[in-house]
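Notes to accompany the following structure.
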Number of protein chains: 2
Amino acid sequence: MSYFSSNFKLGILGGGQLGKMLLNETRKFDIYTCVLDASDEAPCKIACNEFYKGDLLDYKTVYEFGKKVDVLTFEIENVNVDALETLEKEGIKVYPSSKTLRTIQNKATQKLFYLDHNIPTAAFSRFAYTSEIEDAISNGGLQFPFVWKSAQFGYDGNGVKVVRTIDDLKDLPNTECIAEAMIPFKNELAVIVSRNVKGDIKTYPVVEMEFHPEANQVEYVICPARIDKEVAKKAQDIALKVSNAFNHVGLLAVEMFQTKDDEILVNEVAPRPHNSGHQTIEASYTSQFEQHLRAILNLPLGNTDSKVAGIMVNLVGAEGYNGNVLYKNIETIMDMNGVTPHIYGKKQTRPFRKMGHVTIVNENLNEARKVAETVKNTIKVISE
Amino acid sequence: MSYFSSNFKLGILGGGQLGKMLLNETRKFDIYTCVLDASDEAPCKIACNEFYKGDLLDYKTVYEFGKKVDVLTFEIENVNVDALETLEKEGIKVYPSSKTLRTIQNKATQKLFYLDHNIPTAAFSRFAYTSEIEDAISNGGLQFPFVWKSAQFGYDGNGVKVVRTIDDLKDLPNTECIAEAMIPFKNELAVIVSRNVKGDIKTYPVVEMEFHPEANQVEYVICPARIDKEVAKKAQDIALKVSNAFNHVGLLAVEMFQTKDDEILVNEVAPRPHNSGHQTIEASYTSQFEQHLRAILNLPLGNTDSKVAGIMVNLVGAEGYNGNVLYKNIETIMDMNGVTPHIYGKKQTRPFRKMGHVTIVNENLNEARKVAETVKNTIKVISE
């Protein structure tokens, strides 16, 4: 069935900012869309044809939603994967597949997958419960420091903690987890790989996450990454290897570390449009959102080259502000060259909540970097 | 009142393809939108916050809709301008203003406006009724050939006819009209001027309409126009002069003829996003739709430069096809480099109906022109 058929319906699980940007592209192609989200205030509530309120982790809710559509995709990994599997068996096209998602949802399974496929990744140990870690330490099977990661439902920094002493373990949930070697890395890199149903593959350029020198937080996503060609080639090759191993349909964002010895280690992947690809909207011939649609609808993939250099700055809620959001100085940054704010439409801000992002494009990457810093120092997400 | 206020509402008169592309940009900025359109199947029906069905030419309907919003704009000129005037008096911000629209709505008034402001335009005569033209011809006051234009509600080629003999007058409506000298032109050019509430002005590059050598129909909008720098400068200057004369807020698309002697004559203007600016979505730092929003919301204007060369091909219904639309070979063109189709979402096709457009971008304009020709010869808008 062609997506041009008047009966075609695309389903999206999750109605947040990624879904919203995906919906924008569906409008361009006039694709009929249905969205399921738990919140009546989801950014996707407008711009889709049918909106359903419901729990993405509930089998019956996801199954019944999936039965309404022809192709089902998701903008968030925390969805009921058993329902996706049943839907696939009943002929609904689920992209990425339940198999891909199941492997990725559990961080221990994901790490084992890399080992099985000979994909370089940081050394790790797997534990059924956090409480087992103390035994491993007393046995000498595990040394400080390490990175504790919850196996399930870790998302955007939740469920991750650097453990340097036994005390750091105290407040962690007693759940399935991994303990991963800390990698002293030069750069955190990412590559988005797109793959359509018939198996065509195109990769976006390598991007670099630039960290704040003190706060150790990602401040800028920079495209292209300011790295040697050989390193970029290696990162691209490894991203492709990961993509081939998953045999996914849709986007696969592959996050990697560049070690001090210029080794590339895979950190984790996301089978969907990703924060590291937002600059593609303004900078690339084909945005990651359009590309995801092309991939899951089995259309030809678009050109992933950049028209210009692009930098992305996240807009997160400032500390000390809760309530109705206010974007202080947004008009000032809109007066800067090549600056486009994207406001996600969440009504309430709270500290560190992702409220939007700003893209800075320029023919010259260094110029874009300068403007990005001014943007970062100017706009502030506060409350009324 | 800032558009970031949670109470701010933007109203759009008209829910067609221009409104749809404008709505896409409002989503990025999270602007609350209300749309009024006569059709329940309007492309804008989704992606706005509130949709109202009603007659755009009815005073009471437009007035009551306008009272709900803070800023009112339109995507089509055929709206009730008396209602706009009343709304302005009652404190609603209407951009472009009723005054600008009133001058433009009537082609005779528009032509007189150019004369009054010393703006070069083709010679013309004004008639209260088409029937008066015959008298003018017998008196020797008017010679064949000339271009007959209905003063009111001429839109997209309707209400325009080349008159070469007395017989050509026969089927024309007996209405207020002008008879305009035929201009043997080298090129049809256009410049979009943007002006915000506080009076900042930025112009887009000059674009060129390339005509089919036999059919005399616009085939491609080409940005930048392949003309001498001096001619481009002259076109920009005249467009700015027109913009200054109107003192408009929002976009003003100025269509011009480049005569055989490289004179520039203003043909007509549109106070809104325009067909000659669709390529800005992919080719420019700021799309015309984003720029229109920035202008009417009194935000800083964006950069109007191009990232890459852009060409636009209209997708109109093929002759001989009526009914449920089908975009034949759309997947073939999506496999070409730098090609993005925009489907407007009209369910039914009929001959020459505007159903969408395709943008072709490339660093090299000649390369883009080649791809555009292949696109034009490949895709066909037919019925199921």
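Suppose the filter is within 28 Å of B:Ser383 (Cβ to Cβ) and at the interface with another protein chain (Cβ under 10 Å from one of its Cβ atoms); does A:Ile31 pass it?
yes
Would segment A:65-74 turn up any residue that is in a helix (DSSP H, G or I) and either modelled with pLDDT under 95 or surrounded by fewer than 17 Cβ atoms within 10 Å (Cβ to Cβ) (or both)?
Scanning segment A:65-74, I find no residue that is in a helix (DSSP H, G or I) and either modelled with pLDDT under 95 or surrounded by fewer than 17 Cβ atoms within 10 Å (Cβ to Cβ) (or both), so the answer is no.
Among the numbered criteria (1) in a loop (DSSP other than H, G, I, E, B); (2) closer than 17 Å to B:Gly250 by Cβ; (3) open to solvent by less than 10 Å² (accessible area, probe 1.4 Å); (4) in contact with a helix residue (DSSP H, G or I) (Cβ under 7 Å, 6 or more places away or on another chain), which one does B:Pro96 miss?
Of everything listed in (1) in a loop (DSSP other than H, G, I, E, B); (2) closer than 17 Å to B:Gly250 by Cβ; (3) open to solvent by less than 10 Å² (accessible area, probe 1.4 Å); (4) in contact with a helix residue (DSSP H, G or I) (Cβ under 7 Å, 6 or more places away or on another chain), B:Pro96 misses just condition (4).
Restricting attention to segment A:269-291, does a residue exist that is more than 10 Å from chain B (Cβ to nearest Cβ), touching a Ser or Thr at 6+ places or on another chain (Cβ under 6 Å) and of a type in the set (A, V, I, L, M)?
no
Does segment B:249-265 contain at least one residue that is more than 18 Å from the chain's Cα centre (by Cα), over 29 Å from B:Asn106 (Cβ atoms) and aliphatic (A, V, I, L, M)?
No, the conditions are met nowhere in segment B:249-265.
Scan segment B:102-112 residue by residue and report those that are under 17 Å from B:Lys241 (Cα atoms) and either open to solvent by less than 30 Å² (accessible area, probe 1.4 Å) or assigned to a loop (DSSP other than H, G, I, E, B) (or both).
B:Thr103, B:Ile104, B:Gln110, B:Lys111
Which number in (1) farther than 21 Å from B:Gly16 by Cα; (2) within 14 Å of chain B (Cβ to nearest Cβ); (3) acidic (Asp, Glu) marks the one condition that A:Asp58 misses?
Among (1) farther than 21 Å from B:Gly16 by Cα; (2) within 14 Å of chain B (Cβ to nearest Cβ); (3) acidic (Asp, Glu), the lone unmet condition for A:Asp58 is (2).
Which residues, counting only those in segment A:352-367, are over 13 Å from A:Lys380 (Cα atoms) and within 12 Å of another protein chain (Cβ to nearest Cβ)?
Those that are over 13 Å from A:Lys380 (Cα atoms) and within 12 Å of another protein chain (Cβ to nearest Cβ): A:Thr359, A:Ile360, A:Val361, A:Asn362, A:Glu363.
Restricting attention to segment B:252-264, which residues are in contact (Cβ under 8 Å) with a residue 24 or more places away in the chain and of a type outside the set (Lys, Arg)?
Hits for segment B:252-264 are B:Leu252, B:Ala253, B:Val254, B:Glu255, B:Met256, B:Phe257, B:Gln258, B:Thr259, B:Asp262, B:Glu263, B:Ile264.
On the phi < 0 side of the Ramachandran plot, of a type in the set (A, V, I, L, M) and more than 11 Å from chain B (Cβ to nearest Cβ) - does that describe any residue in segment A:317-338?
Residues of segment A:317-338 that are on the phi < 0 side of the Ramachandran plot, as a first pass: A:317-319, A:321-322, A:324-328, A:330-337.
Pick out the ones that are also of a type in the set (A, V, I, L, M) and you get A:318, A:325-326, A:330, A:333-334, A:336.
Right, trim to more than 11 Å from chain B (Cβ to nearest Cβ) and you get A:318.
Yes, segment A:317-338 contains at least one residue that is on the phi < 0 side of the Ramachandran plot, of a type in the set (A, V, I, L, M) and more than 11 Å from chain B (Cβ to nearest Cβ).
Of these, A:Val316, A:Val375, which one is out of contact with any Ser or Thr (no Cβ under 8 Å at 6 or more places or on another chain) and modelled with pLDDT under 95? Explain how you work it out, then say what you get.
Numbers: A:Val375 fails: modelled with pLDDT under 95.
Just a single option satisfies the conditions, and that option is A:Val316.
Given the conditions (1) part of a strand (DSSP E or B); (2) without any contact (Cβ under 8 Å) to a residue 12 or more places away in the chain, which single one is not true for A:Ser125?
(2)
Based on what the data block shows, is A:Asp261 open to solvent by 10 Å² or more (accessible area, probe 1.4 Å) and either not in a loop (DSSP other than H, G, I, E, B) or not charged (D, E, K, R) (or both)?
The answer is no for A:Asp261.
For segment B:226-258, give me each residue that is open to solvent by 10 Å² or more (accessible area, probe 1.4 Å), under 25 Å from B:Glu75 (Cα atoms) and of a type outside the set (D, E, K, R).
B:Gln236, B:Ile238, B:Leu240, B:Asn244, B:Ala245, B:Phe246, B:Asn247, B:Val249, B:Phe257
Quick one: count up the residues across segment B:16-43 that are farther than 14 Å from A:Leu23 by Cα and open to solvent by less than 30 Å² (accessible area, probe 1.4 Å).
The qualifying residues number 13.
For segment B:317-357, which positions are open to solvent by less than 10 Å² (accessible area, probe 1.4 Å) and aromatic (Phe, Trp, Tyr)?
Passing the criteria: only B:Tyr344.
Among the residues in segment A:358-377, are any of a type in the set (A, V, I, L, M, F, W, C), open to solvent by 10 Å² or more (accessible area, probe 1.4 Å) and over 28 Å from A:Phe74 (Cα atoms)?
Yes, there is a match, as at least one residue in segment A:358-377 is of a type in the set (A, V, I, L, M, F, W, C), open to solvent by 10 Å² or more (accessible area, probe 1.4 Å) and over 28 Å from A:Phe74 (Cα atoms).
With respect to A:Glu134, is the statement that it is in contact with a strand residue (DSSP E or B) (Cβ under 8 Å, 6 or more places away or on another chain), assigned to a helix (DSSP H, G or I) and open to solvent by 50 Å² or more (accessible area, probe 1.4 Å) true? Walk me through it before giving the result.
On the way: in contact with a strand residue (DSSP E or B) (Cβ under 8 Å, 6 or more places away or on another chain): no; assigned to a helix (DSSP H, G or I): yes; open to solvent by 50 Å² or more (accessible area, probe 1.4 Å): yes.
Spelling it out, it is not the case that A:Glu134 is in contact with a strand residue (DSSP E or B) (Cβ under 8 Å, 6 or more places away or on another chain), assigned to a helix (DSSP H, G or I) and open to solvent by 50 Å² or more (accessible area, probe 1.4 Å).
Here are B:Val79, B:Val62: which of them is among the β-branched types (Val, Ile, Thr), in a helix (DSSP H, G or I), open to solvent by less than 10 Å² (accessible area, probe 1.4 Å) and not assigned by TED's automatic domain parsing to the domain that holds B:Leu252?
B:Val62
Which condition from (1) closer than 23 Å to B:Val308 by Cα; (2) at pLDDT 95 or above; (3) more than 17 Å from the chain's Cα centre (by Cα) is the one that B:Asn244 breaks?
With respect to (1) closer than 23 Å to B:Val308 by Cα; (2) at pLDDT 95 or above; (3) more than 17 Å from the chain's Cα centre (by Cα), B:Asn244 is out only on (1).
May I ask you to list pairs of residues, at least six apart or on different chains, whose Cβ atoms are under 7 Å apart, with the first in segment A:54-73 being over 15 Å from A:Gly15 (Cβ atoms) and the second being at pLDDT below 95?
As it stands, the answer is A:Asp70/A:Met1; A:Asp70/A:Phe8, since those pairs meet every condition given.
Got a sec? Which of B:Thr304, B:Thr349, B:Thr374 is away from every other protein chain (no Cβ under 11 Å), out of contact with any Asp or Glu (no Cβ under 9 Å at 6 or more places or on another chain) and under 16 Å from B:Thr280 (Cα atoms)?
Exactly one of B:Thr304, B:Thr349, B:Thr374 is away from every other protein chain (no Cβ under 11 Å), out of contact with any Asp or Glu (no Cβ under 9 Å at 6 or more places or on another chain) and under 16 Å from B:Thr280 (Cα atoms), namely B:Thr304.
The values are calculated or read from the model by the stated rules, or taken from the named source; none is laboratory data. Values in this document were obtained by computation on a predicted structure and should not be read as measured data. Reconstructed Cβ throughout: ideal geometry from the backbone, glycine too, with neighbour counts over all protein chains shown. Just the protein is used for accessible areas: all its heavy atoms, side chains included, with ligands, DNA and RNA removed. Shrake-Rupley method; radii C 1.70, N 1.55, O 1.52, S 1.80 Å.
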